[in-house]
Amino acid sequence: MTSDLVSVRDDIRAGVTTARATVDGYLTRIHAQNSTLNAFHEVFDDESRAAADAIDAKIASGVPVGPLAGVPIAVKDNIVTRMGRTTCSSRILENYRSPFDATVIERLTAAGAIMIGKTNLDEFAMGSSCETCAWGVVRNPWDPSRVPGGSSGGSASAVAADLCAAALGSDTGGSIRQPASLCGIVGFKPSFGRVSRYGLVAFGSSLDQIGPLTHRVRDSALLYQCMAGDDHRDSTSAPHAVEDVVTGLDETPRRFRVGLPLQYRKGNAPAVDAAVMRAIEHFRSMGAEMVDVDLPLTDVGISTYYVIAPAEACSNLARFDGIRYGHRTQSTSARDLFDLYAQSRAEGFGGEVQRRIMLGTYVLSAGYYDAYYRRALQVRRLIKEEFDRAFTKCDVILGPTSPTAAFPLGGVTDPLSMYMCDVYTVNTNIAGICGISLPAGFDESCGRPLPVGIQLQAQAFAEPLLLKIAHAYEVAQGGRARIPASIP
């Protein structure tokens with residue numbers, strides 16, 4: 001089976017295969033491997049086959065079809081769909097069915113994409129390993145004893161194992177890019193406001209962004225172009241016209257500058273540093289100018305993020321009370337409404353979600369708001385200004401996506417150590433800029449080869465330039481991702 005999205009689309013259009021045969025192939029792989037990987041929570045067998053038959057009928061009759069016609073795509077289970085359930089991998093939403101589709105689902109469906117299933121995630125997108133999913137841990141297809149990253153680990157695992165042509169994820173502090181790095185695929189986070197968040201179950205409303213996980217940069221560019229654009233239903237959606245980022249993707253900029261932050265060169269696994277050095281040589285061979293830049297607030301990004309994100313999360317998750325919808329305790333010991341809320345939420349939310357709700361409540365409480373939340377917002381502004389200054393010297397910033405390759409399941413038990421997995425990704429969200437993780441080799445020191453990734457960041461709404469440079473790098477290093485061997 002062809003792996004990358006554009007090739008799948010082109011084969012269906014050219015009559016080399018059919019949408020139905022394509023869907024059947026992916027469904028066969030899902031049912032063979034998902035018991036090992038646990039990438040999918042729900043698979044839409046009948047619905048995806050019916051959608052494929054409809055696409056094939058249109059093609060056979062000469063009816064124009066969209067740019068994604070017949071392509072099977074997986075959806076992270078915190079993006080609402082009328083089809084199936086939307087659980088956010090949490091027991092509090094175990095049986096929730098949305099009455100509407102998210103804007104991104106509407107737009108991709110209109111483009112002809114076929115939603116093949118919903119993928120598991122860290123509960124409410126809070127995690128970096130997909131070990132907090134209420135439906136069991138998700139596993140990395142390169143080594144099922146290791147994590148796929150998080151929180152979009154189900155989507156990353158599904159794409160890496162070739163269980164779908166592409167997948168949607170959400171990125172609040174690195175949740176697309178970090179699992180993409182650990183699973184050896186492309187993960188693209190657009191600028192804040194570039195893709196509508198309508199229908200994304202909110203975690204951190206000023207940080208969340210939907211984006212694609214794919215095998216190749218061209219696939220991400222096509223999905224982005226189909227999803228991006230203003231949406232009156234999302235007040236944070238940017239009213240900018242959508243650029244054609246696909247047509248000119250092969251046109252590498254003649255002169256571009258790559259920024260190398262001093263702060264990105266410490267504390268990484270040797271294989272990660274080696275991947276960055278190889279990327280530097282690739283860019284030099286392409287004629288890029290390498291420029292040192294200074295991002296001194298990199299080290300405070302995690303602490304800033306873990307004030308802002310939990311503060312927004314505790315507000316967003318207050319609606320899940322077991323009264324209007326969601327899990328309600330069956331205990332008869334509740335003495336009043338407050339007790340009912342408390343027991344329902346204690347049973348429905350997992351430990352990591354409860355930790356972040358409590359942290360967010362604390363930093364917003366009287367007496368601590370100025371000391372923590374207001375100060376974090378001030379630092380956020382400084383981080384944004386720091387990136388603005390850096391981008392006066394360079395067009396993109398290069399560095400690691402994650403400090404290490406995938407670690408063993410259960411290998412990181414300290415929450416603070418887990419949070420540090422996102423040290424290179426959180427500031428992208430804090431500043432509202434765009435970023436992309438690209439496969440950049442393997443760590444051969446872990447028994448099995450494990451993927452490592454590099455990250456490119458560009459200023460807000462510079463997606464066309466970022467994608468061109470990312471594509472040029474991909475071509476320079478061979479142009480095609482490896483697929484893991486069959487799952488044991």
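The values are calculated or read from the model by the stated rules, or taken from the named source; none is laboratory data. Quantities reported herein were computed from a predicted structural model and do not represent experimental measurements. Note that each Cβ is placed from the backbone with ideal geometry, even for glycine, and that neighbours are counted across all protein chains shown.
Among the residues in the stretch 33-40, are any surrounded by fewer than 17 Cβ atoms within 10 Å (Cβ to Cβ) and within 14 Å of Ala161 (Cα to Cα)?
Applying the first criterion (surrounded by fewer than 17 Cβ atoms within 10 Å (Cβ to Cβ)) to the stretch 33-40 yields 35-36.
Narrowing further to those that are within 14 Å of Ala161 (Cα to Cα): 35-36.
Within the stretch 33-40, one or more residues are surrounded by fewer than 17 Cβ atoms within 10 Å (Cβ to Cβ) and within 14 Å of Ala161 (Cα to Cα).
Kindly establish whether Leu213 is outside any helix (DSSP H, G or I), assigned by TED's automatic domain parsing to the domain that holds Leu121 and either of a type outside the set (Asp, Glu) or under 30 Å from Ile79 (Cα atoms) (or both). Show your work before the answer.
Numbers: outside any helix (DSSP H, G or I): yes; assigned by TED's automatic domain parsing to the domain that holds Leu121: yes; either of a type outside the set (Asp, Glu) or under 30 Å from Ile79 (Cα atoms) (or both): yes.
It is true that Leu213 is outside any helix (DSSP H, G or I), assigned by TED's automatic domain parsing to the domain that holds Leu121 and either of a type outside the set (Asp, Glu) or under 30 Å from Ile79 (Cα atoms) (or both).
Are there any pairs, at least 6 apart or on different chains, whose C-beta atoms fall under 7 Å, with the first in the stretch 1-28 and touching a residue at least 60 places away in the same chain (Cβ under 8 Å) and the second acidic (Asp, Glu), and if so, which?
Met1/Asp162; Ser3/Asp162; Asp4/Asp219; Leu5/Asp219; Val6/Asp219; Ala19/Asp56; Leu27/Asp45
Just one of the numbered conditions (1) among the aliphatic types (A, V, I, L, M); (2) in contact with a His (Cβ under 9 Å, 6 or more places away or on another chain); (3) closer than 22 Å to Gln209 by Cβ is not true of Ala74; which one?
With (1) among the aliphatic types (A, V, I, L, M); (2) in contact with a His (Cβ under 9 Å, 6 or more places away or on another chain); (3) closer than 22 Å to Gln209 by Cβ applied to Ala74, the lone miss is (2).
For the stretch 228-236, indicate whether the set of residues that are modelled with pLDDT of 95 or more, closer than 14 Å to Leu168 by Cα and crowded, with 18+ Cβ neighbours inside 10 Å is non-empty.
yes
Going by the conditions given, is Glu312 among the acidic types (Asp, Glu) and either modelled with pLDDT under 95 or crowded, with 16+ Cβ neighbours inside 10 Å (or both)?
Values: among the acidic types (Asp, Glu): yes; either modelled with pLDDT under 95 or crowded, with 16+ Cβ neighbours inside 10 Å (or both): yes.
Yes, satisfied.
For the stretch 1-114, please list each of the helices (runs of 4 or more DSSP H) lying entirely inside it that holds at least 3 residues being within 23 Å of Val245 (Cβ to Cβ). Quick ask: steps written out before the conclusion?
Working: elements: 5-14, 19-37, 45-60, 103-110.
Filter on the stretch 1-114 gives 5-14, 103-110.
Return the only residue of Trp135, Trp142 being surrounded by 24 or more Cβ atoms within 10 Å (Cβ to Cβ), at pLDDT 95 or above and aromatic (Phe, Trp, Tyr). Full working, then the answer.
Details: Trp135 fails: surrounded by 24 or more Cβ atoms within 10 Å (Cβ to Cβ).
Exactly one residue qualifies, and that residue is Trp142.
Would you mind finding the one in Ala39, Ala74, Ala57 that is among the hydrophobic types (A, V, I, L, M, F, W, C), assigned by TED's automatic domain parsing to the domain that holds Gly150 and more than 14 Å from Lys118 (Cα to Cα)? Reasoning before the result, please.
On the way: Ala39 fails: more than 14 Å from Lys118 (Cα to Cα); Ala74 fails: more than 14 Å from Lys118 (Cα to Cα).
Testing whether each residue is among the hydrophobic types (A, V, I, L, M, F, W, C), assigned by TED's automatic domain parsing to the domain that holds Gly150 and more than 14 Å from Lys118 (Cα to Cα) leaves just Ala57.
When you go through (1) in a helix (DSSP H, G or I); (2) farther than 21 Å from Ile176 by Cβ one by one for Ile383, which number turns out not to apply?
Going through the list (1) in a helix (DSSP H, G or I); (2) farther than 21 Å from Ile176 by Cβ, Ile383 breaks only (2).
Would you kindly identify the helices (runs of 4 or more DSSP H) lying entirely within the stretch 258-360 that contain at least 1 residues that are under 20 Å from Leu438 (Cβ atoms) and over 22 Å from the mean Cα position of the chain (by Cα)? Lay out the reasoning, then the answer.
Working: elements: 270-285, 301-316, 337-348.
It comes to 270-285.
How about the stretch 100-151: which of its residues are within 16 Å of Ala74 (Cβ to Cβ) and aromatic (Phe, Trp, Tyr)?
Trp135 - this is the single residue of the stretch 100-151 that is within 16 Å of Ala74 (Cβ to Cβ) and aromatic (Phe, Trp, Tyr).
For the stretch 394-433, which positions are in contact with a helix residue (DSSP H, G or I) (Cβ under 6 Å, 6 or more places away or on another chain), aliphatic (A, V, I, L, M), in contact (Cβ under 8 Å) with a residue 60 or more places away in the chain and part of a helix (DSSP H, G or I)?
Those that are in contact with a helix residue (DSSP H, G or I) (Cβ under 6 Å, 6 or more places away or on another chain), aliphatic (A, V, I, L, M), in contact (Cβ under 8 Å) with a residue 60 or more places away in the chain and part of a helix (DSSP H, G or I): Val426, Ile430.
Go through Ser196, Ser181 for me and flag whichever is more than 20 Å from Val423 (Cα to Cα) and among the polar types (S, T, N, Q).
Values: Ser181 fails: more than 20 Å from Val423 (Cα to Cα).
The match here is Ser196.
Return the total of residues in the stretch 434-450 being assigned to a strand (DSSP E or B) and not β-branched (Val, Ile, Thr). Talk me through it step by step, then tell me what you get.
Pass one, the stretch 434-450, residues assigned to a strand (DSSP E or B): 434-443, 450.
Narrowing further to those that are not β-branched (Val, Ile, Thr): 434-435, 437-443, 450.
Within the stretch 434-450, residues that are assigned to a strand (DSSP E or B) and not β-branched (Val, Ile, Thr) number 10.
Out of (1) within 21 Å of Leu222 (Cα to Cα); (2) surrounded by 24 or more Cβ atoms within 10 Å (Cβ to Cβ), the odd one out for Asp101 is which?
Failed condition: (2).
Name the one entry in Gly150, Gly193, Gly173, Gly136 that is farther than 30 Å from Asp443 by Cβ, of a type outside the set (S, T, N, Q) and assigned to a loop (DSSP other than H, G, I, E, B).
Numbers: Gly150 fails: farther than 30 Å from Asp443 by Cβ; Gly173 fails: farther than 30 Å from Asp443 by Cβ; Gly136 fails: farther than 30 Å from Asp443 by Cβ.
Result: Gly193 is the single residue among Gly150, Gly193, Gly173, Gly136 that is farther than 30 Å from Asp443 by Cβ, of a type outside the set (S, T, N, Q) and assigned to a loop (DSSP other than H, G, I, E, B).
Scan the stretch 347-358 and report the pairs whose first residue is within 22 Å of Ile323 (Cβ to Cβ) and whose second residue is surrounded by 17 or more Cβ atoms within 10 Å (Cβ to Cβ) and at pLDDT below 95, with Cβ atoms within less than 6 Å and a gap of 6+ or a chain change.
Glu347/Thr329; Gly348/His327
Asp230 is checked against (1) assigned to a loop (DSSP other than H, G, I, E, B); (2) in contact (Cβ under 8 Å) with a residue 60 or more places away in the chain and fails just one. What number does that condition carry?
Among (1) assigned to a loop (DSSP other than H, G, I, E, B); (2) in contact (Cβ under 8 Å) with a residue 60 or more places away in the chain, Asp230 violates only (2).
Restricting attention to the stretch 266-301, and to residues there that are farther than 19 Å from Asp388 by Cβ and in contact with an Asp or Glu (Cβ under 7 Å, 6 or more places away or on another chain), which single residue is surrounded by the most Cβ atoms within 10 Å (Cβ to Cβ)?
Ala271
Kindly evaluate Pro72 against the criterion of being surrounded by fewer than 24 Cβ atoms within 10 Å (Cβ to Cβ) and not polar (S, T, N, Q).
On the way: surrounded by fewer than 24 Cβ atoms within 10 Å (Cβ to Cβ): no; not polar (S, T, N, Q): yes.
No, not satisfied.
Select from the stretch 119-138 the residues that are within 20 Å of Asn316 (Cβ to Cβ) and either over 14 Å from the mean Cα position of the chain (by Cα) or touching a residue at least 60 places away in the same chain (Cβ under 8 Å) (or both) and list them in ascending order. Spell out how you get there, then give the answer.
We begin by selecting, within the stretch 119-138, every residue within 20 Å of Asn316 (Cβ to Cβ); these are 121-128, 132-134.
Hits for the stretch 119-138 are Asp122, Glu123, Phe124, Ala125, Met126, Gly127, Ser128, Thr132, Cys133, Ala134.
Would you say Phe256 is outside the structural domain of Val195 (by TED's automatic domain parsing), among the aromatic types (Phe, Trp, Tyr) and surrounded by 19 or more Cβ atoms within 10 Å (Cβ to Cβ)? Give the derivation first.
Working: outside the structural domain of Val195 (by TED's automatic domain parsing): yes; among the aromatic types (Phe, Trp, Tyr): yes; surrounded by 19 or more Cβ atoms within 10 Å (Cβ to Cβ): no.
So Phe256 does not fit the description; no.
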